[in-house]
Structure formats: C-alpha cells, structure tokens
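Novice: Before anything else, here's the structure in question.
The values are calculated or read from the model by the stated rules, or taken from the named source; none is laboratory data. In this text, all values refer to a predicted model and were calculated from it rather than measured experimentally. Cβ placement follows ideal geometry from the backbone for every residue including glycine, while neighbour counts extend to all protein chains displayed. Protein only, heavy atoms only, side chains kept; ligands, DNA and RNA dropped before computing areas. Shrake-Rupley method; radii C 1.70, N 1.55, O 1.52, S 1.80 Å.
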2 protein chains.
Amino acid sequence: MNKYKELNPSLRTIMTPGPVEVDPRVLRAMSFPILGQFDPEFTMLMNETMEMLRDVFQTSNEWSFPVDGTSRSGIEAVLVSIIQPGDKVLVPIFGRFGHLLVEIAQRSGAEVVFMETEWGSVFDPQIVIEAIHTHKPDIVALVHGETSTGQMQPLAEIGKMCRQLDILFVVDAVATIGGVPVKTDAWHIDAVIGGTQKCISVPSGMAPITYNQRIETKLRSRKQIERGLRDPASLDHEPSLVPVRSNYFDLSQIQDYWSSARLNHHTEATSMLYGLHEGLRILLQEGLEDRFARHELNEKALVQGIKAMGLSLYGDEDSKLPCVTCINIPAGMDGETVRNKLLQDFGIEIASSFGPLKGKIWRIGTMGYSCNRKNVLHVLGALEAVLIHEGHKLPAGEAVQAALSVYAESSKEEVSC
Amino acid sequence: MNKYKELNPSLRTIMTPGPVEVDPRVLRAMSFPILGQFDPEFTMLMNETMEMLRDVFQTSNEWSFPVDGTSRSGIEAVLVSIIQPGDKVLVPIFGRFGHLLVEIAQRSGAEVVFMETEWGSVFDPQIVIEAIHTHKPDIVALVHGETSTGQMQPLAEIGKMCRQLDILFVVDAVATIGGVPVKTDAWHIDAVIGGTQKCISVPSGMAPITYNQRIETKLRSRKQIERGLRDPASLDHEPSLVPVRSNYFDLSQIQDYWSSARLNHHTEATSMLYGLHEGLRILLQEGLEDRFARHELNEKALVQGIKAMGLSLYGDEDSKLPCVTCINIPAGMDGETVRNKLLQDFGIEIASSFGPLKGKIWRIGTMGYSCNRKNVLHVLGALEAVLIHEGHKLPAGEAVQAALSVYAESSKEEVSC
C-alpha cells in the first residue's frame, strides 16, 4: 500500500498574516513522545503554560489557557460561555473579523447591535463610547488587529468606559498577541483571545485565552457538571440556570479541567501543548519589549521597501497594524498571477484578502518567526522581480536598498545608545 | 529567562484507553516545517487525508475529514449541525459517553429521550428498535465502543431500522475506529465520529468524521455563508432558515473549506494534519484486517494473563470492547496506589474509570501503536509485581506465561495456515 507518498513538504518563506513559519525548536518539541493527560509530568506542563500565558497577555488573571481548536474556537468559547440568549452585544466592525464576531455572537443567541466604519480605518474610541451609551449593551466585542485590512483599533479608552458601566469587554487579539502590546489588565479587557499561528509562531490548532474574575462570575452562574461525571443519584437533575449552549466550549468545564481538580473534559492535545509550551518559552526568552521592537523594525523596512518600489499602502497609516502590511495592487495587474509566481518561482507565500478587498490588495505579514531581515529582503526582491516580469514599470533595485537603509540606521541607533 | 525548563518528557508505556503511544513516524511528520493552508502542496495533503479516511470508515461518502479539536469536538460538530431546536433525539446509554451524547444534544437544543441499560452490558438491538418505534425520534445517537465500561454495542440492526424509518443514525466510534471494524455504509450509519488518540494513534487534537448525502441534505437546508465572506451588497440579509448554533462547528461551512471551493473558515491545523496523514498511511499500510487481528490477539493475551493472575473482568464478556479490558479492583486494594506505583516504578500508565465506576475498576487499553506484545507482557508482569508488593495473594508468574502461550498458539496457527 504505497499509494500515498511520504510527507515531504517544500520549505517556504511564509509572509502571510498567518499561519507563519514555525521555529525549529517548536517543531522539535512537537515530535517528542507523548505523555498521558493526567501524568504529573504533563499536568506540570499545563500549569507552566498557564503561567507563561499570563505574562504574554500582561495580566494577573488566574485563568489563561488554550482552547483546543483553531483561533476562532477561542472566540466562540468565550462568547458562547458568557452570552445568555437575549444578551445584547455591541460589535464595532472595521473588517472581516468584526463580521465573524457578529456571526458567532448571533449564533450564540445574542441580540447583536453592530456599527461599521469604512474598511481601511478604525474607530475613534469616542464614537464607540457614544454607541455604548446609546445601546447599553451587556457585552462589547471588538477586534484588536484586523488582518483583513491591516488596521489596529486603540482599546484603552473603550475598556475603561466598559468597566465603569459594568459591561463585559471581549477582545479578539488573535493577530496581535506576541507581536504587538496587548495589555489585558491595563486596558480593562475582561476576556482576550489570542492565536498561535501568527506572532506566537506555533502551528494552528490551539487558541490561548485569558479572562478575569468578572467573566468567571458569569461562568459560575451557568455552571453544570457534565452528565456522566455527576453523582449518579442526581442524574435526572437538570439545573434551572440557562446552560451554556455548547459542551466543548463551556469554559466553566474547561476551567475545571485546567484547575487542580482536573475534572475530565476533553483529552488535552498533547503535541500541540508541547509546541505552545516551547513557543511561549522562546517568546519570553526574547522578551516582550525586544519582540515588539523586532516587529516594528521589520515592518518599517518592509514599508520603506514597498514605497521605494512605487507601490502604495492600503488603509490609514496612523492606525496601521504593525505586523500586517496591505498593498494596493497596481491597476491592470492580476494579483493572483503575482502571488502564484512568488510561490512557484521564489517559494514565497503572501496573501490576498476577503470580501470587498478580494483582488484589490495584497497582504504581507511580518509575524513571529517569519518576521526577520532575511525574509523582508527576500520578499521585496522577489516582488520587484515578478512585477517587472509582468510588465510593471518601477525603479529597479530601490526597494531592497531602502530596506537595507532602515536596518543600517537601526544598527547605528543601537550602537549610539 | 530560563525559569521554564526545556521539554524533556519521560518515555511511558501508555496502556490506557487513550491517549496512547504515537508511532515515531507520526511524531516525525509533525516536526516537518509547515505549509500555508492554501498552498497547493497542503491542499493535496487535505485531499489525500479525505481519501484515506474513507477507507478507514469503510464508506463511499464524499465527506470524510477531521474537525480541528479533540474527539468530542467532532461529536458536537455533527450533532449541532443536524439538530434543529426541538428535534427529538433518542440516546441509548450504556456508560459515560452515552451521557455525553445526551449532554451535547440537549445543549444543541434537542428534545432528548434517553434510555439506560446497566453499565457493563449493552442493549439487545431489539430493545432499542422498540424504543425507536415508541418515541419516533428524528435522530438516534449511539456510542459504539464505551471506554468507560469496556463494552461494544452491535449497530447493524439498529442502523437498518433507522434507515427504513428515515431516521438519522449518528455513531460515536471514537474508541473503535482503526482497531475494530466500523462499517459505516454496511451498517447504515449516517454520520460517524472517530478519534485520533486511540486506535489511530495520532496525538489528540483532531476528530475525523464522515457523513453521507442524507446528512448533507440537512446541512444544505441550514446553510449560511459566513458574514464577511458574503457579497457586500447583501450583508444585511439574514436567511430565514434556522441557522446552526455554532460557527466553528457548522459542517456546511467546514465542508466548503474542505471542498475545491476552499472557502475560508478556520486555519487548518497544519502539524496535526501532517500527523493524521502519516497515521492513516501507517494504518492502511498495515491493512484494516491485519490491524483488527493484531488488536484481537493482544486483547486475548492480556485477558488470559489477567485471568491467570486470579483477577476478574468487569462487564459482560460477550459484548466486550476488544481494545479496552476492564478489571475489577480486588477487595481491600486501593486502585490509585496501584496505578501510581505502576507509573512511578514501571513507567506504565493504566486508567481508572468515571462516575459510579470510580475506584471500582482499572481499565487497560490495547490500542493502536500501544497494542503490542512487548507492552502486554510488560503490563502483566508489572501489575503482578505491584499487587504482590501491596500484599495481594496471587499465583506468581502465571500471568506472563498465559499471555506467552496465547502468542505461541497464534504463531503455530499462522505457520499451519
């Protein structure tokens, strides 16, 4: 039976807004033999992962753990666990992933009020605060970094107002966690969802989340011990509370599994946890501030290179997401032809976008392990070559030189410091 | 920052009913550099995985793919996608995981009718068929192999009757897939959920499922394109159908992602897919029949060894689940002390059980890569030694000899064939 060949994936330079390249140390960790889920060695790794996530989320929250699923599983776990049918949720939308928050909240039974600003920009926080006063929602759900448009929403003022008005504030930080500051406590965010496959640079398949006491109080009020784990004498007992509409995503049950009680729920995804544990170690060894500075520097080099090539950026530069750069596809150029050539000839992957932006922009990520000088220079040189090959006129050679100047300038600054 | 040590897991002999040991070839596959989710090399791996899953599920269904989450994520995806609030679901329960089906169906909005038989046995199919006639459910959901009690439910007659009456038949085959025959088409099962971390021996984190045209028809009737991917002109349009209560688990959307349309949903868990792809290759290289025979042989050796030690099996032997052996803990013996000694002194993990069986039985798995002669002999010798050490009287040395006799007998049969 040799119908299916052995795995033999090509080495790619992955410059999309995720998934991005994975540190070989993480891949090695994922290849280690597994432990049972209740093996003391394994539960110690679970506890260490919770500790490290607290640092990454910049929080003192007790609960910081991964949900076993891709990033949106974390979003759904948070929303379905706190939304009681009929709860009012306000979602300010500035890209595709705002729409996803609406969709998940609606499917969880919420009455959703949404507001939308033009894609390519973000909200003035005062506009959101006004909407909060008008609609008096139970929950505000907001995207931090919109990879679809390359924009980043300021959160601090909105968080402060939500706390004052006793509204729960939920933030999708899938694109920003580990690459851009996400200050859970300082910004008064009640629950934050991160992603692994972007700036943390662990393969997709887990969604790290954190939430505070305010969320936990809501969870406890809806708590149900799983059937089959309850005292058999009380099997027919049905609690009077409105139960969470999901078993898999019921954070009150998942929390019991991550607590010292270790109440069985799912079977923790061992190798993914190994990968996340190692990815977080690498992240904290680099240090949050150094890591954010590295993301800024490579973004700057990329942006200067793109501009030197004569291409224009999509979206408001004042609110640009540092780890995603959106580029207007030049008139008359087929975006997919360029992307295919980059992949086939240069082994580089960049992204297109969604919905109204499909075919209009390219998106280049500078995230996590992929966010380095070699990759930025390689993508600039290759993009220039493909554009010239496709008949686009541009000042040859300028892009890479512009990026090199940024790096040279930064080295001087470091020396003079 | 060296607060957290490098990963260095001990090598264990994992003889629980899952997760079990992983083939080094699978672990190696998981350590390969990742590809982007829409890279043609990656989508080819997705397609091959679907093909191989069809063989493992013994089906001609078009749809056979993994849900990105642990096993119960697959159960929830199937149930929440087909249950419209108010649908009647019949769940015959013969252990903990039957209760889980009830819990998930209820949380999905179903009116659940359940029946329970004594743990340690299964249902006479006629009893279930009578209940089907009485309750006229829309859906019957049933566990195939109950790891909590080590019992296996015959499914063929129940499936046939469901098909006749146009009832959807959903089976949880998490514990049996890849180790025991699961005949999706022959048994008229409309949707089957498998597990990776048991007889397929891939780490936990994916749930392979398959479903037929009957299920797909139901999915299509509830289909909603995700907000943010729809035509912007129709963004305010809300379909009149009852939408699936989950975005993450909406199989109509996940199916679009696995189809040639590749409509973006989640970001496929790359390294888990690498592992599953390799695990399925290994499984099909061994061949289903040879693999089932290997599971039977090692079960027989384990059972003969346990009996030779003077221990008794829990549950009805006629309906015993071949890949899980439940053993009554001898009177006066503390089950957890024995388990801890096995782990600490011999590096062997066996399991306890849940709810009413907690502290009453041990459970030993013979699943997938863990299901081999060396492991069976090791666990028998170690269990005997720990029991003697704890003061239990038993005929020393008999257990391993009984198992060796089973293996010797089987070699003779092979030679004479």
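Novice: Filter the range B:294-318 down to residues that are surrounded by fewer than 17 Cβ atoms within 10 Å (Cβ to Cβ) and in contact with a helix residue (DSSP H, G or I) (Cβ under 9 Å, 6 or more places away or on another chain), then give me how many there are.
Specialist: 4
Novice: Also: Looking only at residues that are touching a strand residue (DSSP E or B) at 6+ places or on another chain (Cβ under 8 Å) and not small (Gly, Ala, Ser) in the range B:70-83, which one is farthest from the other protein chains (Cβ to nearest Cβ)?
Specialist: Keep residues of the range B:70-83 that are touching a strand residue (DSSP E or B) at 6+ places or on another chain (Cβ under 8 Å), which gives B:70-75, B:77-79, B:82-83.
Next, only the ones that are not small (Gly, Ala, Ser) stay: B:70, B:72, B:75, B:78-79, B:82-83.
Working: B:Thr70: 4, B:Arg72: 6, B:Ile75: 8, B:Val78: 12, B:Leu79: 10, B:Ile82: 15, B:Ile83: 11 Å.
Looking at residues that are touching a strand residue (DSSP E or B) at 6+ places or on another chain (Cβ under 8 Å) and not small (Gly, Ala, Ser), I get B:Ile82.
Residues checked against (1) in contact with a Lys or Arg (Cβ under 7 Å, 6 or more places away or on another chain); (2) in a loop (DSSP other than H, G, I, E, B); (3) among the hydroxyl-bearing types (Ser, Thr, Tyr); (4) in the same structural domain as B:Ser319 (by TED's automatic domain parsing):
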{"site": "B:Val91", "(1), (2), (3), (4)": "no, no, no, no"}
{"site": "B:Glu118", "(1), (2), (3), (4)": "no, yes, no, no"}
{"site": "B:Phe123", "(1), (2), (3), (4)": "no, yes, no, no"}
{"site": "B:Leu142", "(1), (2), (3), (4)": "no, no, no, no"}
{"site": "B:Arg163", "(1), (2), (3), (4)": "no, no, no, no"}
{"site": "B:Ala175", "(1), (2), (3), (4)": "yes, yes, no, no"}
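Novice: Out of curiosity, is B:Gly86 open to solvent by 10 Å² or more (accessible area, probe 1.4 Å), of a type in the set (Gly, Ala, Ser) and away from chain A (no Cβ under 14 Å)? Before you say what the answer is, go through the steps one by one.
Specialist: Values: open to solvent by 10 Å² or more (accessible area, probe 1.4 Å): yes; of a type in the set (Gly, Ala, Ser): yes; away from chain A (no Cβ under 14 Å): yes.
For B:Gly86, the condition - open to solvent by 10 Å² or more (accessible area, probe 1.4 Å), of a type in the set (Gly, Ala, Ser) and away from chain A (no Cβ under 14 Å) - is met.
Novice: Name the one entry in B:Ser411, B:Ser405 that is within 15 Å of B:Gln304 (Cα to Cα), in a helix (DSSP H, G or I), of a type in the set (S, T, N, Q) and assigned by TED's automatic domain parsing to the domain that holds B:Gly332.
Specialist: On the way: B:Ser411 fails: within 15 Å of B:Gln304 (Cα to Cα).
On inspection, the qualifying residue turns out to be B:Ser405.
Novice: Still on this structure, please answer the following. Residues in the range A:319-326: is at least one within 14 Å of chain B (Cβ to nearest Cβ), closer than 22 Å to B:Arg262 by Cβ and either at pLDDT below 95 or open to solvent by less than 10 Å² (accessible area, probe 1.4 Å) (or both)?
Specialist: Residues of the range A:319-326 that are within 14 Å of chain B (Cβ to nearest Cβ), as a first pass: none.
Among the residues of the range A:319-326, not one is within 14 Å of chain B (Cβ to nearest Cβ), closer than 22 Å to B:Arg262 by Cβ and either at pLDDT below 95 or open to solvent by less than 10 Å² (accessible area, probe 1.4 Å) (or both), which makes the answer no.
Novice: Further, regarding this structure: Against the conditions (1) within 20 Å of the chain's Cα centre (by Cα); (2) part of a helix (DSSP H, G or I), where does B:Gln304 fall short? Just the number, please.
Specialist: The one condition B:Gln304 does not meet is (1).
Novice: Inside the range B:217-251, can you point out the residues that are among the charged types (D, E, K, R) and either open to solvent by 10 Å² or more (accessible area, probe 1.4 Å) or modelled with pLDDT under 95 (or both)?
Specialist: Of the range B:217-251, the ones among the charged types (D, E, K, R) are B:218, B:220, B:222-223, B:226-227, B:230-231, B:236, B:238, B:245, B:250.
Scanning the range B:217-251 gives B:Lys218, B:Arg220, B:Arg222, B:Lys223, B:Glu226, B:Arg227, B:Arg230, B:Asp231, B:Asp236, B:Glu238, B:Arg245.
Novice: Under 6 Å between Cβ atoms, which residue pairs at least 6 apart in sequence (or on different chains) link something in the range B:246-267 that is in the same structural domain as B:Ser71 (by TED's automatic domain parsing) with a partner that is β-branched (Val, Ile, Thr) and in a helix (DSSP H, G or I)?
Specialist: From the range B:246-267, the pairs are B:Ser246/B:Val80; B:Asn247/A:Ile104; B:Phe249/B:Val80; B:His265/B:Ile254.
Novice: Here's a follow-up. What residue, among those in the range A:365-388 that are in contact with a His (Cβ under 9 Å, 6 or more places away or on another chain) and not in a helix (DSSP H, G or I), is surrounded by the most Cβ atoms within 10 Å (Cβ to Cβ)?
Specialist: If we take residues in the range A:365-388 being in contact with a His (Cβ under 9 Å, 6 or more places away or on another chain) and not in a helix (DSSP H, G or I), then A:Met367 is surrounded by the most Cβ atoms within 10 Å (Cβ to Cβ).
Novice: Among (1) free of Cβ contacts under 8 Å to residues at least 24 places away in the same chain; (2) open to solvent by less than 20 Å² (accessible area, probe 1.4 Å); (3) hydroxyl-bearing (Ser, Thr, Tyr), where does B:Ser201 come up short?
Specialist: Failed condition: (1).
Novice: What number of residues within the range A:177-198 satisfy the criterion of being more than 16 Å from A:Lys160 (Cβ to Cβ) and surrounded by fewer than 24 Cβ atoms within 10 Å (Cβ to Cβ)?
Specialist: Selection size over the range A:177-198: 2.
Novice: Please verify whether the range A:332-344 includes one or more residues that are of a type outside the set (Gly, Ala, Ser), closer than 16 Å to B:Gly36 by Cβ and touching a residue at least 60 places away in the same chain (Cβ under 8 Å).
Specialist: yes
Novice: What number of residues within the range B:22-44 satisfy the criterion of being open to solvent by 10 Å² or more (accessible area, probe 1.4 Å), under 27 Å from the mean Cα position of the chain (by Cα) and more than 7 Å from every other protein chain (Cβ to nearest Cβ)?
Specialist: 5
Novice: Then there is this: Tell me which of these A:Thr59 doesn't satisfy, since it passes every other one: (1) at pLDDT 95 or above; (2) more than 25 Å from A:Ser260 (Cβ to Cβ); (3) out of contact with any Phe, Trp or Tyr (no Cβ under 6 Å at 6 or more places or on another chain); (4) not aliphatic (A, V, I, L, M).
Specialist: (2)
Novice: Hey, another quick one. Please go through the range A:206-216 and pick out each residue that is open to solvent by less than 10 Å² (accessible area, probe 1.4 Å) and in a loop (DSSP other than H, G, I, E, B).
Specialist: A:Met206
Novice: Just to be sure, is B:Glu336 touching a Pro at 6+ places or on another chain (Cβ under 7 Å) and outside any loop (DSSP other than H, G, I, E, B)? Break it down into steps so the answer makes sense when it comes.
Specialist: Working: touching a Pro at 6+ places or on another chain (Cβ under 7 Å): no; outside any loop (DSSP other than H, G, I, E, B): yes.
Against the criterion (touching a Pro at 6+ places or on another chain (Cβ under 7 Å) and outside any loop (DSSP other than H, G, I, E, B)), B:Glu336 does not qualify.
Novice: Looking at this structure, is A:Val128 free of Cβ contacts under 8 Å to residues at least 40 places away in the same chain, aliphatic (A, V, I, L, M), open to solvent by less than 10 Å² (accessible area, probe 1.4 Å) and touching a strand residue (DSSP E or B) at 6+ places or on another chain (Cβ under 6 Å)?
Specialist: Working: free of Cβ contacts under 8 Å to residues at least 40 places away in the same chain: yes; aliphatic (A, V, I, L, M): yes; open to solvent by less than 10 Å² (accessible area, probe 1.4 Å): yes; touching a strand residue (DSSP E or B) at 6+ places or on another chain (Cβ under 6 Å): yes.
It is true that A:Val128 is free of Cβ contacts under 8 Å to residues at least 40 places away in the same chain, aliphatic (A, V, I, L, M), open to solvent by less than 10 Å² (accessible area, probe 1.4 Å) and touching a strand residue (DSSP E or B) at 6+ places or on another chain (Cβ under 6 Å).
Novice: So, in the range B:54-70, of the ones that are open to solvent by less than 10 Å² (accessible area, probe 1.4 Å) and outside any loop (DSSP other than H, G, I, E, B), which residue ends up farthest from B:Asp250 (Cα to Cα)? Step through it out loud before you land on a result.
Specialist: Within the range B:54-70, the subset open to solvent by less than 10 Å² (accessible area, probe 1.4 Å) is B:56-57, B:64-70.
Then keep just the ones that are outside any loop (DSSP other than H, G, I, E, B); that gives B:56, B:64-67.
Details: B:Val56: 23, B:Ser64: 15, B:Phe65: 13, B:Pro66: 13, B:Val67: 10 Å.
Selected residue: B:Val56.
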